[in-house]
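Trainee: Got a structure for you, questions after.
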Amino acid sequence: MRRYVWLLLCGALLAPPVLAAKPAEKTAEPDARKQELSTELNQFVRDAIDEGLLAPAGSGAARGAASAEASPAGEGSVDIPKAGGAVICGETYPLDFSEFEAAASYADILNYRSQLQVSGEASTDDPRLARAYIALDMGSEAVMNLRNPDSPDEVALREVALLLDGRTRPNVSYFQGFARCHERGEFWLGVALLVDGQSAGTAYVDKWFSEYRHLPLQLRTSVTALAVPALDRTDGRFLSQKMLASFSSNDLRDSTQLQFASAILALGQGSSEAEILIRTFLLQGRFQEEALLTLIRHRRVIDPPLKALLLDSMLLKIEQSKHEEDIRASMKFVLDELSAGSRYMTMMEMAARENMQSDVVQGEIRDHFVSALQRDLTSADPLQNLAAIEALSVETGLLDDHDQRTALYEEATLKAVRLGFASLADELSRKTQPGEAVAEQRATLAYRLKDYPAVFQLAQANPSNPQIGLVAALSAIDANDAAQVQQFTGRLKLDADTVLMLIEHDAASRRWIVPASVYSTAREINDEARAVRVKRVLDLKRAASGEVSGPSPATMAGMGERLMSTRMALESLEGEGN
């Protein structure tokens, strides 16, 4: 009896291994319903990516979600640094996707995941699963399984996932080091260079075209979708033709990415049908930016309402984004349009955003801002002048340390003066140290507006400027301020024209507060024409003091001539400033 008990006990202990050794037919080959569900899921994900509802291949949003799920805060989180330094070479080439060359859908890796689960091995411990995800252009899932920054293989796979995303600038330095480790890596270096806008990548991709041919279908499709627009920018159409020729007609029919790439190639060859097709992609989130840039690059006209709609859409995207890399592709179009439309306030709002603080982005915004200001300030359209003037009046810091800042402010101040906007001119002058030419124009405008305190302030700030001093002396006569007249005339060089202007203005205002020294100088003028004018003023002055009987009121009509001479003198003064 005891022997039977021991037999039963041993049988119970050995049963799990025996059962596990039995072939798991249902695990190895999913039933029809499981296959159908996985196919539907794969199609749903592809459609959502094409519509821009999901972020493909390790995008900014996907990376954030992946990090949150894979690395809970405070517990086992792993900080994966950028591979910008020296590249550690692995023993084997980590970017060999031949194992998954036949993979075409998510269902193709379900069996592999099931085997990992049965074996009890965590999926994150095997980079093969990440390689399978990359083969299917599922970069965000791949990144979740690449958590070891000390593994050369995992670093390489992660860099490829980020490269395929297309939203960040390629880590060219990493791929250069990687290509030194593995010669086959020159293919991925070529792709990175192309995406970075460097035509040198064409030679690498062409040299290792066999690597491209043996990529799994979806990965080859993703590489093509990245490379063809880049080749279109660098005039590499021959390589684009080779890449697209590697796909069957069924592949082209079933892939929106390949249809878009084919349309770009055809547009470069002058196809009007391709242009119509690309315009349809303007309304699809994933292709919108590249479609727009392609049409602009080939000098196709975009209707203003559509352009405005796209601009508003991209501005909203910039506002909602948290990372600079998420909106890099949109930046040039957005800044070009904002600059062309003199939308300075929007550019300044962009510059102040938290996700716009990198030196590169700040430099791009500043360059567009300055070029628009220069265009508007030199325009003959007063409305464009005013747009630039108002922008500079509220600008706070964007132009700090820019070598054109002083010149822009001086030009804007001069324009404000000539347009008659004294308050804007004052505001602009307070934000910089304008030259004397600007101060002269401001003094003339303030005199016109009878803002005498402003004139006096400018004269005090520019004591050696004779033109401002003369305007200040005339202002003091109008203000009936004998002390100020005495002060400012004392600074002037009393040449014949200056003396005539002062005494005639004194006579026209009937103040008689110009110092006697000025009148003494006037009596010494020998020029016949000027002497006649001096005599008229002196006669009026004596009449006003009661030394001789003054002229009858009717003869005061003659004052028009003297007033005219004063006006002409002021206009000539203003003309010299201009």
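Trainee: Please work out which one of (1) basic (Lys, Arg); (2) at pLDDT 80 or above; (3) assigned to a helix (DSSP H, G or I) is the condition Arg299 fails and give its number.
Mentor: Here Arg299 meets the rest and fails (3).
Trainee: Next up: Which ones in segment 396-446 are acidic (Asp, Glu) and open to solvent by less than 40 Å² (accessible area, probe 1.4 Å)?
Mentor: Glu440
Trainee: Looking at segment 195-214, I want the residues that are more than 21 Å from Thr168 (Cβ to Cβ) and have a partner that is of a type in the set (A, V, I, L, M, F, W, C) and open to solvent by 70 Å² or more (accessible area, probe 1.4 Å) with Cβ atoms under 9 Å, at least 6 apart or on another chain. Which pairs are those?
Mentor: Filtered contacts from segment 195-214: Thr202/Phe238; Asp206/Phe238.
Trainee: Checking Val155 against (1) modelled with pLDDT of 90 or more; (2) surrounded by fewer than 22 Cβ atoms within 10 Å (Cβ to Cβ); (3) out of contact with any Ser or Thr (no Cβ under 6 Å at 6 or more places or on another chain): exactly one of these is not met. Which one?
Mentor: Of the numbered conditions (1) modelled with pLDDT of 90 or more; (2) surrounded by fewer than 22 Cβ atoms within 10 Å (Cβ to Cβ); (3) out of contact with any Ser or Thr (no Cβ under 6 Å at 6 or more places or on another chain), the odd one out for Val155 is (2).
Trainee: Hey, can you tell me all the residues within segment 428-450 that are under 27 Å from the mean Cα position of the chain (by Cα) and either in a loop (DSSP other than H, G, I, E, B) or not aliphatic (A, V, I, L, M) (or both)?
Mentor: Lys431, Thr432
Trainee: Output the residues belonging to segment 474-496 that are open to solvent by 70 Å² or more (accessible area, probe 1.4 Å) and outside any helix (DSSP H, G or I).
Mentor: Correct list: Asn480, Arg491, Lys493.
Trainee: Picking from Ala245, Ala261, Ala266, Ala200, which residue would you name as being more than 22 Å from Ala179 (Cα to Cα) and within 27 Å of the chain's Cα centre (by Cα)?
Mentor: Ala261
Trainee: For the condition outside any helix (DSSP H, G or I) and surrounded by fewer than 22 Cβ atoms within 10 Å (Cβ to Cβ), what is the one hit in Asp235, Asp251, Asp206?
Mentor: That would be Asp235, the only listed residue that is outside any helix (DSSP H, G or I) and surrounded by fewer than 22 Cβ atoms within 10 Å (Cβ to Cβ).
Trainee: Here's a follow-up. Give Leu129, Leu193, Leu189, Leu226 a once-over and let me know the one that is open to solvent by less than 60 Å² (accessible area, probe 1.4 Å) and under 19 Å from Phe260 (Cβ atoms).
Mentor: Leu226
Trainee: Now a separate question. Quick one: how many residues across segment 238-248 are open to solvent by 20 Å² or more (accessible area, probe 1.4 Å) and not in a helix (DSSP H, G or I)?
Mentor: 2
Trainee: Inspect segment 163-185 for any residue being without any contact (Cβ under 8 Å) to a residue 40 or more places away in the chain, of a type in the set (A, V, I, L, M, F, W, C) and more than 30 Å from Tyr106 (Cβ to Cβ) and give the result as yes or no.
Mentor: Taking every residue of segment 163-185 in turn, at least one turns out to be without any contact (Cβ under 8 Å) to a residue 40 or more places away in the chain, of a type in the set (A, V, I, L, M, F, W, C) and more than 30 Å from Tyr106 (Cβ to Cβ).
Trainee: Let me ask you something else. So the check is Cβ under 6 Å with 6+ separation or different chains; which pairs have a first residue in segment 481-508 that's closer than 17 Å to Lys535 by Cβ and a second one that's open to solvent by less than 10 Å² (accessible area, probe 1.4 Å) and among the small types (Gly, Ala, Ser)?
Mentor: Partner pairs satisfying both residue conditions: Val499/Ala522; Ile503/Ala522.
Trainee: While we're looking at this one, here's another question. Name the residue that is least open to solvent (accessible area, probe 1.4 Å), counting only residues in segment 264-280 that are over 15 Å from Arg237 (Cα atoms) and not hydrophobic (A, V, I, L, M, F, W, C).
Mentor: Glu275
Trainee: While we're here: Would you mind stating whether Ala522 is of a type outside the set (Val, Ile, Thr) and either touching a helix residue (DSSP H, G or I) at 6+ places or on another chain (Cβ under 6 Å) or open to solvent by less than 30 Å² (accessible area, probe 1.4 Å) (or both)?
Mentor: On the way: of a type outside the set (Val, Ile, Thr): yes; either touching a helix residue (DSSP H, G or I) at 6+ places or on another chain (Cβ under 6 Å) or open to solvent by less than 30 Å² (accessible area, probe 1.4 Å) (or both): yes.
Yes.
Trainee: Take the residues of segment 281-321 that are open to solvent by 70 Å² or more (accessible area, probe 1.4 Å) and among the β-branched types (Val, Ile, Thr): which is farthest from Thr346 (Cα to Cα)?
Mentor: Val301
Trainee: Another question about this same structure. Could you check segment 498-540 and list, in sequence order, the residues that are of a type outside the set (Lys, Arg) and at positive phi?
Mentor: Within segment 498-540, Trp512 is the sole residue that qualifies.
Trainee: Whether any residue in segment 384-393 is at pLDDT below 90, part of a helix (DSSP H, G or I) and surrounded by fewer than 13 Cβ atoms within 10 Å (Cβ to Cβ) is what I want to check.
Mentor: no
Trainee: Same structure again: When you go through (1) open to solvent by 10 Å² or more (accessible area, probe 1.4 Å); (2) in contact with a helix residue (DSSP H, G or I) (Cβ under 9 Å, 6 or more places away or on another chain); (3) assigned to a loop (DSSP other than H, G, I, E, B) one by one for Ala380, which number turns out not to apply?
Mentor: Failed condition: (2).
Trainee: So, in segment 428-465, exactly how many residues are modelled with pLDDT of 80 or more and over 29 Å from Ala482 (Cα atoms)?
Mentor: Result for segment 428-465: 1.
Trainee: Does segment 497-518 contain at least one residue that is small (Gly, Ala, Ser), in contact with a Leu (Cβ under 7 Å, 6 or more places away or on another chain), open to solvent by less than 20 Å² (accessible area, probe 1.4 Å) and modelled with pLDDT of 85 or more? Give the steps one after another, and end with the answer.
Mentor: Restricting attention to segment 497-518, the residues satisfying the condition of being small (Gly, Ala, Ser) are 507-509, 516-517.
In the following step, the residues that additionally are in contact with a Leu (Cβ under 7 Å, 6 or more places away or on another chain) were identified as 507-508.
The next check asks that each one be open to solvent by less than 20 Å² (accessible area, probe 1.4 Å); those that pass are 507.
Filter again for modelled with pLDDT of 85 or more, leaving 507.
Yes, that holds for at least one residue.
The values are calculated or read from the model by the stated rules, or taken from the named source; none is laboratory data. Just so it is clear, the model here is predicted, and its values are computed rather than measured. Positions of Cβ are backbone-derived with ideal geometry, glycine not excepted, and every protein chain shown enters the neighbour counts. We work out accessible area using only protein heavy atoms, side chains counted, and drop any ligands, DNA or RNA first. Shrake-Rupley method; radii C 1.70, N 1.55, O 1.52, S 1.80 Å.
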